[in-house]
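These notes concern the structure reproduced below.
The values are calculated or read from the model by the stated rules, or taken from the named source; none is laboratory data. Quantities reported herein were computed from a predicted structural model and do not represent experimental measurements. No Cβ is skipped: glycine too gets one built from the backbone with ideal geometry, and neighbour counts run over all protein chains shown. Surface areas here come from the heavy atoms of the whole protein model, side chains and all, with no ligands, DNA or RNA. Shrake-Rupley method; radii C 1.70, N 1.55, O 1.52, S 1.80 Å.
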There are 2 protein chains.
Amino acid sequence: VTSILALAQNARRTAAELRSLDRGRKDRALHAIARGLRDEADLIREHNARDLEASRAQGLSSALLDRLRIDAKVIEESARGVEFIASLPDPVGSIESMQRHENGMLFGKQRIPLGVIAMIYESRPNVTVDAAALCLKSGNSVLLRGGKEALHTNQVLGQVVGRALTASGLSPSAVQIVPATDRDGIRELLGLTDYIDLAIPRGGEGLIRFVAENARVPVIKHYKGVCHMFLDRGAPLDRAVALTINGKAQRPSACNALECLLVHAEDAERLIPPVAAALIEKGVEIRGCPRTTALVSAARAASDEDWGREYLDYVIAMRVVSGIDEALAHVARYGSNHTEVICTPDQSHAQRWLREVDASCVLVNASTRFNDGGQLGLGAEIGISTSKLHAYGPMGLASLTTEKWVVIGEGQVRA
Amino acid sequence: VTSILALAQNARRTAAELRSLDRGRKDRALHAIARGLRDEADLIREHNARDLEASRAQGLSSALLDRLRIDAKVIEESARGVEFIASLPDPVGSIESMQRHENGMLFGKQRIPLGVIAMIYESRPNVTVDAAALCLKSGNSVLLRGGKEALHTNQVLGQVVGRALTASGLSPSAVQIVPATDRDGIRELLGLTDYIDLAIPRGGEGLIRFVAENARVPVIKHYKGVCHMFLDRGAPLDRAVALTINGKAQRPSACNALECLLVHAEDAERLIPPVAAALIEKGVEIRGCPRTTALVSAARAASDEDWGREYLDYVIAMRVVSGIDEALAHVARYGSNHTEVICTPDQSHAQRWLREVDASCVLVNASTRFNDGGQLGLGAEIGISTSKLHAYGPMGLASLTTEKWVVIGEGQVRA
């Protein structure tokens, strides 16, 4: 078994090769990966069946088994995802503008890969192919440490990707599956500051906290999405209903789903009953403040734990506030810097919301569900950040790069 | 004494106020700080004298006493530095471009402050004023933890700044001096992930390693600048001499000073003797490989420790290499991702150098000394990063900001 240190050293060596690859070679390798996935679909499903069987024997829930399962449709979607990433522009190499120094030399910033990325994730094996393709396209090598229940699946996916890389004349070490299945292994990986430039954890809050607390390498993460919408005075009812239902019920398990509705007191009677009725019709449970429960007989009384809570389910918190100040204060206290919406006809309130709310995505009169890499023009998403360093919000290919300075002179020295 | 936690909580609260300040208010406060420094110059010098006396009694070296000393000239320079920062464009608020989503809503990225910055530094008290001004201009609140030998000076500077903030209608908690003088205090500060968005250590490698190893908050740092120049085949002698002397001898104590010269073997006899003579004339000691010492009788033989060494002094390492491949390999092995120069007449070698060298600044035919925020158009510099996340190279005001997504719709929901 190759040690974790040796894997990371391989990754660092390979990163130096990947750094200056031109787009054509990267895209040809991506197309080879897509072909490999389709050609070896049966092999992948065999290995996946072993993981499923072992997990079933261990009594994993059917929801977890569903996440783990790979069928023909999932493989085809993965292959198309890789082809789509091949179609995106190369994030590496561009120099936005060169300036001329007063001494005549030219200088500017050139976009380059970060180097070595470590992805730490849980059961979904589709992350394996996705992350491999995004890292390759952006010129990074990647260490993939998925969930232990998906280990056979991830290993065969790693082999398929590795064969495609080799066939394309690239080093298979560009994409490596980390075999370590215990947390000591992750801890070792997260300490290798000389070899790893960035760790991205994806999964439940427990995994993410473990990574954040044990990493010596930089980490970009988000813990949770406690997304609010404030229905301001004068919000049109049809719009309030549409944005609430889309935010809460279109995909409640997503981190950009709406979790808490704040309603202006002067419009509570006008807005709350019909909005609540629409939610209840969609099967959403309402946990409300006293003024809400007085207006909606089916609503349960919210407890203190309901403010700032991420349900990821058909549940919503609702609270009447005295106006935009109280709404802003609620969001500042209970929000998770993820996604915050105001629904308002008032231009100055819209501007205040945009200016004062501290979140990775602040929206006026649009659904929380738009805080998404695909919707915001990033093409594909490798994760989302709710901390501010390097990236804030959805992370696309550009977030896997940085910029170095380049200077072109003719013998200039500093005075 | 206010606890470190309470200081950090104040800073977080104040950050919310600073976030949406317009440029006029920030610049007026900066001018008030500059006036305060001039008006209270005597008071500042009195407190500085106490620090100097205590440090002298403890036997600090005269070099350290020099760094600690504040005289009328230093105060005037500080005040002018603050006025210069006021004259720079506001890094906050701009949206480079808004795109239109296919559903009609507008979206883009707006530049915002990071929030709360912790500066951890050593003896130079001028960092106190500099960092305060840069953080204020970029809308961040800052916690300043300078060296314990400069504590009185830093505290009086903090008071002067605080009075100027109050007089300008801003909270004095925008700039706070951390009184803790031991490493436990720093450790506590570096663990406050809910309150601090970024720590920037500045000082010797020991301090920086301590911060990097003990921080739970994000850190941007650089350990050292081991800067190389490769004199390629055909490099013009006058240019080789000028770039070498400027890189090594203009300011040897700077992190962008030249530390090692690599020379193409075919031109070693032509280039090394005159370049060495010019260095020796400037009082530079040469530590060379066997081929170098054979050409320069005054050169000492380099030991293994001389490769990859940051002298910060009138010393240079010199090594003959077989060509660009060996030069690139030497830089990849011994460089510190800081500043790397090629001096070459060969366009394809210049392009290879720019493409393949992994450093925060890669230069062709220009002095290492240009890797500097002022020279590269940043106006002012708060630090330099040799790791890739968020910033790589000199960090100006923009490095103290990030971007959030803003979306302006008219009721759009996700399909």
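A few remarks follow.
- B:Glu102 vs. criteria more than 14 Å from chain A (Cβ to nearest Cβ) and either in contact with a helix residue (DSSP H, G or I) (Cβ under 6 Å, 6 or more places away or on another chain) or open to solvent by 10 Å² or more (accessible area, probe 1.4 Å) (or both): no
- Residue check for B:Gly383: surrounded by 20 or more Cβ atoms within 10 Å (Cβ to Cβ) and either more than 13 Å from the chain's Cα centre (by Cα) or not aliphatic (A, V, I, L, M) (or both): yes
- Residue check, B:Ser171 of a type in the set (S, T, N, Q) and within 25 Å of B:Leu88 (Cα to Cα): yes
- Pairs meeting the criteria (first residue in region A:131-149 and at pLDDT 95 or above, second residue among the basic types (Lys, Arg) and part of a helix (DSSP H, G or I), beta carbons under 7 Å, at least 6 apart or on different chains) are A:Leu136/A:Lys26; A:Lys137/A:Lys26.
- Among (1) facing chain A (nearest Cβ under 10 Å); (2) touching a helix residue (DSSP H, G or I) at 6+ places or on another chain (Cβ under 8 Å); (3) not in a loop (DSSP other than H, G, I, E, B), the one test that B:Lys404 misses: (2)
- Qualifying position, being buried (at least 24 other Cβ atoms within 10 Å of the Cβ) and more than 14 Å from every other protein chain (Cβ to nearest Cβ), among B:Ala301, B:Ala317: B:Ala317
- Any chance A:Arg111 is surrounded by fewer than 24 Cβ atoms within 10 Å (Cβ to Cβ) and within 13 Å of chain B (Cβ to nearest Cβ): yes
- Residues of region B:153-189 classified as at pLDDT 95 or above, open to solvent by 10 Å² or more (accessible area, probe 1.4 Å) and in contact with an Asp or Glu (Cβ under 8 Å, 6 or more places away or on another chain), total: 2
- Count of residues meeting criterion [over 30 Å from A:Asn365 (Cα atoms) and within 11 Å of chain B (Cβ to nearest Cβ)] in region A:207-238: 9
- Looking only at region A:341-373, and only at residues there that are open to solvent by less than 50 Å² (accessible area, probe 1.4 Å) and more than 10 Å from chain B (Cβ to nearest Cβ), the one that is nearest to A:Ala254 (Cα to Cα): A:Gly373
- Region A:239-270 - residue that is more than 12 Å from B:Gly411 (Cα to Cα) and out of contact with any Lys or Arg (no Cβ under 9 Å at 6 or more places or on another chain) and, of those, farthest from the other protein chains (Cβ to nearest Cβ): A:Glu269
- Test: B:Ile44 is under 30 Å from B:Thr402 (Cβ atoms) and β-branched (Val, Ile, Thr): no
- Residue, nearest to the other protein chains (Cβ to nearest Cβ), within region B:374-387, restricted to residues that are part of a loop (DSSP other than H, G, I, E, B) and in contact (Cβ under 8 Å) with a residue 40 or more places away in the chain: B:Ser387
- Residues located in region A:320-333, provided they are open to solvent by less than 50 Å² (accessible area, probe 1.4 Å) and either part of a loop (DSSP other than H, G, I, E, B) or among the aromatic types (Phe, Trp, Tyr) (or both): A:Gly323
- Positions within region B:330-340 being at the interface with chain A (Cβ under 10 Å from one of its Cβ atoms) and of a type in the set (A, V, I, L, M), in sequence order: B:Ala332
- If the condition is being out of contact with any His (no Cβ under 7 Å at 6 or more places or on another chain), facing chain A (nearest Cβ under 7 Å) and either surrounded by fewer than 23 Cβ atoms within 10 Å (Cβ to Cβ) or not basic (Lys, Arg) (or both), then region B:388-400 contributes B:Tyr392, B:Gly393.
- Unmet criterion (only one of (1) of a type in the set (Asp, Glu); (2) open to solvent by less than 30 Å² (accessible area, probe 1.4 Å); (3) without any contact (Cβ under 8 Å) to a residue 12 or more places away in the chain) for B:Asp267: (3)
- Given (1) open to solvent by 10 Å² or more (accessible area, probe 1.4 Å); (2) within 11 Å of chain A (Cβ to nearest Cβ), index of the condition B:Ile280 fails: (2)
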